[in-house]
Amino acid sequence: MSEPVIVVENLSKQYLIGENIHGRGARTFRDIFDYKMRRIFSRKERQRKKEETTIWALKDVSFEVGEGEAVGIIGRNGAGKSTLLKILSRITEPMMGRAILRGRVASLLEVGTGFNLELTGRENIYLNGSILGMRKKEIDKRFDEIVQFAGIEKFLDTPAKRYSSGMYVRLAFAVAAHLEAEILMVDEVLAVGDIQFQRKCMGKMKEVGRSGRTILFVSHNMEAISQLCRKSMLLQSGELLEFSDTQSVTSRYLSSNIVSGLTFVNSDPIDERKIVYIKSAQIVHNGNDSDQTDLGISVNIKYDFLRDADSVRIGIIVKNSFGIILWRNGDADSERRFFGKRTKGSYDAFVEIPTHLLKNGIYYVTIFSDIPMKEWLFYREDVLCFEHHDNATEKVAFVDNPTGILRMDLHWRVNKVE
Amino acid sequence: MQRELVIQPSKTFSALHLKDLWEYRELFYFLIWRDVKVRYKQTVLGAGWAIVRPVVSMVVFTFIFNKLAGFSSEGIPYQLFTLSGIMAWNFFSEGITASSQSLIANTNLITKVYFPRLIIPSAAVLRGLVDFGIGFLIFIGFLAYYSYNPGWQIVLFPLAVLWGIAASLGVGLWFAAIGVKYRDIAQALPFVVQLLFWVTPVGYSSAKIPAKWEMLYWLNPMTGVVESFRYTLLGKAYLPTNLLIFSIVVCLIVFVSGIFNFRRMEKEFADVI
């Protein structure tokens, strides 16, 4: 057994969050002045120092990956997946612990980083390639391959701003996919492009895996992880919960998700300037039957109107496990009357998810509220999640086939004409 | 042989990792190339702007400083006198402005890809060499027009340019690093650049500065650069040895401290930006 290619020992990173002077984000000298003054003159502020919320984006994570292994990294949003990849690709520093990487590293945290819309496809291949760490010679050598993979031969000398979004993504992935590196780290980049292209990308990734390179692969898409990685790790709140074969990790993740993703309670203080305060949201299985088949799923949102207001919309966005938005729908989209005035007070809303359209899988729900075209009042991404599993579909062959993102039960009228 | 990379929390004063910088030299070149290429897209004059700016400045300065205020230029045609200063000044002011904005403009790169961060602000300063080169050709044209014969000192001109690059990089790196954390820099910079202009001998000679203010005046890293431009290009300038050395030392301090400060702050960039 040769030396492991990736060794991670007690890797930790802490972030300070909240309204905090040492926290993240840009600030000005004035903020710091303000803060210091408050600290001097108010005892309460000084005590608050102790309560300042810190979160461990990554806490004591240790693991080893051998040569040629493909490892999936699974976890909910904020579990530390991206932080782990960012540390391993040297974008940000760990606070404690260390990692050893043996071999050239290529990391792909985003598709098309550094693309410039004014430049042509050809120019962008060189620019993007060099940003990702390729030598000009390497790019020259693989140029034709890249162009062919992206399928943009005719548009090589067109500025990227004239590209369709599909072409853009294809080109960007093509460049990244042709990186020559012993270790490849990929963060959720396959969730772009059409299904056909996603398959092509998966194919490329598998090919990379077969060629003996080591892969770390972050995704919300359990199917992709299962196809690509024999082993996986599950992160939760910065800690490594499990590192074993993919099957067991994914099933643990899915079951944990369904429990924790069912309710969301807003812990933010009420902001009087906003018209609406979303108190909570939860997934409700219609009926109390423990066998949930075909009973349907609803989202229940409880909110307060802080004052009388009109043209306010409250709604949900539903994504599949690829991260593709299936729909966005607000109460006012469906019924005009919600666009009118709503008086101050508490409301309790239910909206039914059309599960008959959903293929089996995990779905994420975003809760939002806005004044359409004017102002966002509330936006919380992927706060709820549910698994839809419809036994009935299994009775019909081909219904859940991988093409398309929705399951359709269309009504066919067929007449024999001859 | 495979190389081994160890990732761990760095010490306060980290090494410069010049080797790393060398490995990424092609990216350096591509970033400059990108900026030069994109800069004049969708403009009518295109690179003509690199000609218009110094020439119009020269005309205006000649009118105001020379004709109205009556500043002399010690026997040199005033146009040449001020144009030599304008070349150095434009390179500097555009360089520090571009580099202080460069990190924020490239946020997506910083949060998604690793490479030595020094490349970004340095490329922003060095891309100014293209405009500078065009400006230099124009200067040569004006030398010919006034049939002015520069002395042997012109062989030292590359050194003066190096000095100008070091000064621009030094100041630019300071502003770039601090500007990531404190967006005040973006507000303050145009103002600072404007103030610096008045205390830089572009339209007048630094010989005019009273002796008791001289040290203070020469703290401005650009004073020495502009005077040395003048000395090497036109053969005449106010450049006493003691002030020359003082100015070079100031520039070196700003340059070296700028690099080290940048290295110290860069590890936070991806978290703070």
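With modelled with pLDDT of 85 or more and of a type outside the set (D, E, K, R) as the only criterion, which of A:106, A:57 stands out?
Within the list A:106, A:57, the selection yields A:57.
Which one of the conditions (1) within 14 Å of another protein chain (Cβ to nearest Cβ); (2) farther than 17 Å from residue B:262 by Cβ does residue B:178 fail to meet, given that it meets all the rest?
Evaluating residue B:178 over (1) within 14 Å of another protein chain (Cβ to nearest Cβ); (2) farther than 17 Å from residue B:262 by Cβ leaves (2) as the failure.
Criterion first (touching a Gly at 6+ places or on another chain (Cβ under 7 Å) and free of Cβ contacts under 8 Å to residues at least 60 places away in the same chain) does residue A:128 satisfy it?
For residue A:128, the condition - touching a Gly at 6+ places or on another chain (Cβ under 7 Å) and free of Cβ contacts under 8 Å to residues at least 60 places away in the same chain - is met.
Going residue by residue through segment A:133-141, is there one that turns out to be out of contact with any Cys (no Cβ under 8 Å at 6 or more places or on another chain), open to solvent by less than 30 Å² (accessible area, probe 1.4 Å) and among the charged types (D, E, K, R)? Can you show your working first?
Step one: of segment A:133-141, the residues out of contact with any Cys (no Cβ under 8 Å at 6 or more places or on another chain) are A:133-141.
Going one step further and asking which of them are open to solvent by less than 30 Å² (accessible area, probe 1.4 Å), we end up with A:133-134, A:138-139.
Checking which are among the charged types (D, E, K, R) leaves us with A:138.
So far as segment A:133-141 goes, yes, one or more of its residues are out of contact with any Cys (no Cβ under 8 Å at 6 or more places or on another chain), open to solvent by less than 30 Å² (accessible area, probe 1.4 Å) and among the charged types (D, E, K, R).
So, residue A:123, is that one among the acidic types (Asp, Glu), within 9 Å of chain B (Cβ to nearest Cβ) and part of a helix (DSSP H, G or I) or not?
Answer is yes for this residue.
Go through segment B:86-132 and give me each residue that's more than 14 Å from every other protein chain (Cβ to nearest Cβ), hydrophobic (A, V, I, L, M, F, W, C) and farther than 21 Å from residue B:178 by Cβ.
Answer for segment B:86-132, where residues must be more than 14 Å from every other protein chain (Cβ to nearest Cβ), hydrophobic (A, V, I, L, M, F, W, C) and farther than 21 Å from residue B:178 by Cβ: B:86, B:87, B:88, B:89, B:91, B:129, B:130, B:132.
Does residue A:129 satisfy being of a type outside the set (A, V, I, L, M) and open to solvent by 20 Å² or more (accessible area, probe 1.4 Å)?
Criteria not met by residue A:129.
So if I check each of B:96, B:76, which one is part of a loop (DSSP other than H, G, I, E, B), among the hydrophobic types (A, V, I, L, M, F, W, C) and modelled with pLDDT of 85 or more? Lay out the reasoning, then the answer.
Working: B:96 fails: part of a loop (DSSP other than H, G, I, E, B).
The unique qualifying residue is B:76.
Can you tell me which residue within segment B:23-45, out of those that are more than 22 Å from the chain's Cα centre (by Cα) and away from chain A (no Cβ under 11 Å), is most open to solvent (accessible area, probe 1.4 Å)?
Residue satisfying both the conditions and the ranking: B:44.
So in segment A:68-119, with the set limited to residues that are part of a helix (DSSP H, G or I) and more than 20 Å from residue A:246 (Cβ to Cβ), which one is farthest from the other protein chains (Cβ to nearest Cβ)? Reasoning before the result, please.
Residues of segment A:68-119 that are part of a helix (DSSP H, G or I), as a first pass: A:81-88.
After this cut, where a residue has to be more than 20 Å from residue A:246 (Cβ to Cβ) as well, the list is A:83, A:86-87.
On the way: A:83: 10, A:86: 7, A:87: 6 Å.
By that ranking, first place goes to A:83.
Out of segment A:310-325, which residues are at pLDDT 90 or above and either under 21 Å from residue A:187 (Cα atoms) or hydrophobic (A, V, I, L, M, F, W, C) (or both)?
A:312, A:314, A:316, A:317, A:318
Tell me which residues, restricted to segment A:152-183, are under 21 Å from residue A:199 (Cα atoms), more than 27 Å from the chain's Cα centre (by Cα) and surrounded by fewer than 19 Cβ atoms within 10 Å (Cβ to Cβ).
Result: A:153, single match.
Of all residues in segment B:147-160, which are open to solvent by 30 Å² or more (accessible area, probe 1.4 Å) and in a helix (DSSP H, G or I)?
Once the filter is applied, which keeps residues that are open to solvent by 30 Å² or more (accessible area, probe 1.4 Å) and in a helix (DSSP H, G or I), segment B:147-160 yields B:152, B:154, B:155, B:156, B:158, B:159.
What number of residues within segment A:151-172 are in contact (Cβ under 8 Å) with a residue 40 or more places away in the chain, touching a strand residue (DSSP E or B) at 6+ places or on another chain (Cβ under 9 Å) and away from chain B (no Cβ under 14 Å)?
Of the residues in that region, 0 qualify.
Picking from B:212, B:181, which residue would you name as being charged (D, E, K, R), more than 21 Å from residue B:58 (Cα to Cα), open to solvent by 30 Å² or more (accessible area, probe 1.4 Å) and free of Cβ contacts under 8 Å to residues at least 12 places away in the same chain?
Of the residues listed, the single one that is charged (D, E, K, R), more than 21 Å from residue B:58 (Cα to Cα), open to solvent by 30 Å² or more (accessible area, probe 1.4 Å) and free of Cβ contacts under 8 Å to residues at least 12 places away in the same chain is B:212.
List pairs: first residue in segment B:255-266 and farther than 13 Å from residue A:93 by Cα, second residue open to solvent by 30 Å² or more (accessible area, probe 1.4 Å) anywhere in the structure, Cβ distance under 6 angstrom, at least six positions apart or on different chains.
B:258/B:174
For residue B:180, indicate whether it is β-branched (Val, Ile, Thr), over 26 Å from residue B:82 (Cβ atoms) and over 19 Å from the mean Cα position of the chain (by Cα).
Here the answer is yes, as residue B:180 does meet what is asked.
Against the definition (within 9 Å of another protein chain (Cβ to nearest Cβ), in a helix (DSSP H, G or I) and polar (S, T, N, Q)), how does residue A:130 come out, yes or no? Break it down stepwise before answering.
On the way: within 9 Å of another protein chain (Cβ to nearest Cβ): yes; in a helix (DSSP H, G or I): yes; polar (S, T, N, Q): yes.
Considered against the rule, which asks whether it is within 9 Å of another protein chain (Cβ to nearest Cβ), in a helix (DSSP H, G or I) and polar (S, T, N, Q), residue A:130 comes out as yes.
Based on this model, can you work out whether residue B:71 counts as hydrophobic (A, V, I, L, M, F, W, C), in contact with a Gly (Cβ under 6 Å, 6 or more places away or on another chain) and open to solvent by less than 60 Å² (accessible area, probe 1.4 Å)?
no
The values are calculated or read from the model by the stated rules, or taken from the named source; none is laboratory data. Everything quoted here is computed from the prediction, not taken from an experiment. Because the Cβ atoms are built from the backbone with ideal geometry, glycine has one as well, and the counts that use them run over all protein chains shown. For accessibility, only protein heavy atoms count, side chains too; no ligands or nucleic acids. Shrake-Rupley method; radii C 1.70, N 1.55, O 1.52, S 1.80 Å.
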